[in-house]
Structure formats: C-alpha cells, structure tokens
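Some notes on the structure that comes next.
The values are calculated or read from the model by the stated rules, or taken from the named source; none is laboratory data. The shown structure was predicted, so the numbers you read here are calculated from the model rather than taken from an experiment. Neighbour counts run over all protein chains shown; Cβ positions are idealised from the backbone, glycine included. These area figures cover heavy atoms from the full protein model, side chains too; ligands, DNA and RNA do not enter into them. Shrake-Rupley method; radii C 1.70, N 1.55, O 1.52, S 1.80 Å.
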Amino acid sequence: EAGVTQFPSHSVIEKGQTVTLRCDPISGHDNLYWYRRVMGKEIKFLLHFVKESKQDESGMPNNRFLAERTGGTYSTLKVQPAELEDSGVYFCASSRGGNEQFFGPGTRLTVL
Amino acid sequence: AQSVSQHNHHVILSEAASLELGCNYSYGGTVNLFWYVQYPGQHLQLLLKYFSGDPLVKGIKGFEAEFIKSKFSFNLRKPSVQWSDTAEYFCAVRVRSNFGNEKLTFGTGTRLTIIP
C-alpha cells in the first residue's frame, strides 16, 4: 500500500508569488489533514477534510491560504500571495475514520 | 484550547543509557495521546498511542509510555537506547468530542542524539 505522498518536496519562491502544494492520501482514507511546522516551533494543525468537505479549518492562518479537495481524493493547498512568515514544512496526513494519522514526507516551503 | 509541552528540547545520550522524554498536556476532558517519531530524512511515524485502558502502552522498537491522568502526563521511555534511535520525537494530543474533531495538537518536539 502506497503511503501519503506530497509534491513538491521543496519549493523556493519570492514574496508575493503563488505556490500550490499537493497531497495524495492513502487510497480509501476519507480524512485528510494539513499541518505546518515553522522552524523550531511545533507542528500546527491547519485544516481537516472529510472526503471533499472541510470538517475543520480553524487552523488556517488567513485568507491567503486556500485548500481544496475536489472529488475527495487528492488535496491542494495554495498560498497566494506568499509572505516570508509562510516559510516552513507543510505536512499532509490521512486516516481512515478516527484511527492513526499517516503522514507524508512534507513540503519544505522557502519564501525569499 | 489544549496545549502540549515537551520540556526537553535536545537530549544527548550514550548508547545503552535509559531514556525518558517528558510530555504534559493541558486539557481537562477525554484525550487520546500519541508519540510520533521522525528519523532523519523520513516521514513522521507513529511510535505508540493511548486511547483507553491500561495506562502503560507499548509501542514499536522497545518504546513505552505511561499515561498519568492526575499529572496530565504521557512520558516516553526506553530502557536502553541505540544509535538508531537518533531522531526527533513529538508528543501529540487529540481531544475527543462529539463534533468530529480529529486534529492533533503537537508539542515542539525533542531532538534525541545517541552517541555510539
């Protein structure tokens, strides 16, 4: 069984540009989560999808962040326009019901 | 809102030493507790979890953790560490609710370095 995959693994952009991160969950996992770790700090929850619906988006920092999960399969997280403080590692995780969350390798975003 | 504290930022031990990493959380209701590990260059992976029942839980690679409700703690232990345990360790809490809240709240992580 393939794990959670994320693309790209690393992205370097300039302030003001747009970046789109992609997450492919484990097949059959209805729950998909986005988290972010800013350097040296804790991993913070961003939002939670159940299939294509946003169950909880309480962790989204502001309206520059837009997450979608059309069709309930893969998800994208777009940052537009990117700011310096958006730099960090963005993790995606998926789960079946309330069970263990399986994490992807993360996307390291650097905003210059 | 719940929070998780990991008091040790960086721990350095020699091989065969015993390990205990502290984790305390703040939330008065029912919680699920987790320890995740991230080995260098790898994904976060689950070490062990506590949902209910025996407060002493055993995980992979010889790790165990004890849930002490009165102390709001879930410390991670291993009697004898190996060089391959070098990694970053994260404690996490999930609050159980009726509203489908599944999010994990993490601590800041503890970097463990094992010296051969």
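Other residues whose C-beta falls under 15 angstrom from the C-beta of B:LEU56 contribute a net charge of +2, scoring Lys and Arg +1 and Asp and Glu -1. Taking Lys and Arg as +1 and Asp and Glu as -1, the other residues whose beta-carbon sits under 15 Å from that of B:PHE67 total +3. Sorted on the mean count of surrounding Cβ atoms within 10 Å across their residues, most packed first, peptides B:13-26, B:79-92 read B:79-92, B:13-26.
Placing pseudo-labels 7 Å out from each Cα toward the beta carbon at A:ARG108 and B:SER80 gives an inter-label distance of 3.6 nm. Selection among B:GLN38, B:PHE90, B:PHE72 by position relative to the dipole of region B:3-115 gives B:PHE72 as farthest towards the positive end (Cβ unit charges, Cα centre).
With the simple model of a label 7 Å out from the Cα in the direction of the Cβ, A:TYR74 to B:HIS7 spans 4.6 nm. Taking the three principal axes of the alpha carbon atoms in region B:3-115, the coordinate ranges are 45, 27, 23 Å, sorted in descending order.
Please report, to two decimal places, log10 I(q)/I(0) for chain A at q = 0.21 Å⁻¹ as given by the Debye formula with identical point scatterers on the Cα atoms and no solvent. Evaluating at q = 0.21 Å⁻¹ gives log10 I(q)/I(0) of -1.12. Residues in the protein assembly as shown average 49 Å² of solvent-accessible surface per residue, probe 1.4 Å, ligands and nucleic acids excluded. Remark: C-alpha extents of region B:34-81 on the principal axes read 36, 22, 17 Å, sorted largest to smallest. Charge dipole (Cα centre; +1 on Lys/Arg Cβ, -1 on Asp/Glu Cβ; no other charges) of region B:3-115 amounts to roughly 280 debye. Rg/Rh, computed from the Cα trace of the protein assembly as shown with Rh as the Kirkwood radius, has the value 0.97.
Given a 1.4 angstrom probe, I'd like the percentage of the accessible area of chain A that is carbon and sulfur, rounded to a whole number. Its accessible area is 48 percent carbon and sulfur atoms. Could you check which residue among A:PRO61, A:PRO81, A:PRO25 shows the biggest mean-square fluctuation in a GNM of chain A with a 10 Å Cα cutoff? Ranking A:PRO61, A:PRO81, A:PRO25 by mean-square fluctuation puts A:PRO61 first.
If a spin label sat at a point 7 angstrom from the Cα of A:GLN17 along the line to its beta carbon, the backbone N atoms of region A:77-104 nearer than 20 Å would be those of A:77-91.
Pairs with C-alpha atoms separated by more than 26 Å, drawn from the list A:LYS54/B:LYS71; A:LYS51/B:LYS103; A:LYS15/A:LYS41, are A:LYS54/B:LYS71. Seen from A:ASP56, the other residues with C-beta closer than 9 Å to its C-beta sum to a net charge of 0, counting Lys and Arg as +1 and Asp and Glu as -1.
Between the alpha-carbon centres of region B:62-116 and region A:57-87 there is a gap of 28 Å.
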